[in-house]
1. When the dipole is taken about the Cα centre of the chain, and only Lys, Arg (+1) and Asp, Glu (-1) are charged at their Cβ, what size is it in debye, to the nearest 20?
2. Given the options Val101, Asn42, Ala29, identify the residue whose Cα lies farthest towards the positive end of the charge dipole of segment 20-152 (+1 on Cβ of Lys, Arg; -1 on Cβ of Asp, Glu).
3. Counting other beta carbons within 10 Å of each Cβ, put Thr4, Thr61 in order, fewest first.
4. Lysines near Lys91 by alpha-carbon distance under 24 Å, same-chain residues fewer than 8 away left out - which ones?
5. Please work out the Cα center distance from segment 123-137 to segment 23-42, rounded to the nearest Å.
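Nothing in this text is a laboratory measurement; each read-out follows from the coordinates by a stated rule. In this text the structure is predicted, and so the values were computed from the model without any measurement. Reconstructed Cβ throughout: ideal geometry from the backbone, glycine too, with neighbour counts over all protein chains shown.
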Amino acid sequence: MSATVRVRVQEGDFDVASLQRSLLQGDAAEGAIATFTGYVRNSNNDRPVLALELEHYPGMTERSITSIARDACARWPLLAVGVVHRVGKLKPANQIVWVGVSAKHREAAFAACEFIMDYLKTRAPFWKKETGPDGSHWVDARQSDNERAGRW
């Protein structure tokens with residue numbers, strides 16, 4: 001049985017409860033659902049953030065995220081995977097990303113959710129521009145994100 005994989009890249013906000021329900025397959029096989037919701041922070045590297053703008057290549061980004069989700073499905077016995085990532089201009093406290101995974105057991109659900117998020121930070125083609133009181137700048141990749149993804 002292959003896992004259901006749903007990926008969306010969108011400007012609009014999302015409903016976490018509805019997304020979690022979408023992970024249920026309808027046959028009560030799920031013993032665990034693990035989710036992660038990321039939010040825009042009001043600071044980065046000790047600098048205030050007033051807005052975060054995300055750009056992407058439509059089509060390419062969805063294919064990349066789907067590939068990451070399928071990699072997780074190959075590593076763990078998953079029932080469903082969902083990923084929603086927002087693009088456009090966001091403000092602090094806005095939801096930016098949601099990852100959800102269902103599996104028969106919690107170990108697979110927790111590990112796969114973390115794996116997907118780690119790889120979203122390093123392999124998904126998003127470009128981020130932060131705006132603060134001193135103007136705007138593009139956000140560089142973080143070594144710590146690469147190190148986290150490297151453990152998989």
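1. Numbers: 20 positive and 18 negative charges, 32 e Å.
For this selection, approximately 160 debye.
2. The one lying farthest along the dipole's positive direction is Ala29.
3. The most exposed by this proxy come first: Thr4, Thr61.
4. Once the sequence-local lysines are set aside, what remains near Lys91 is Lys121, Lys128, Lys129.
5. So the separation of the two Cα centres works out to 28 Å.
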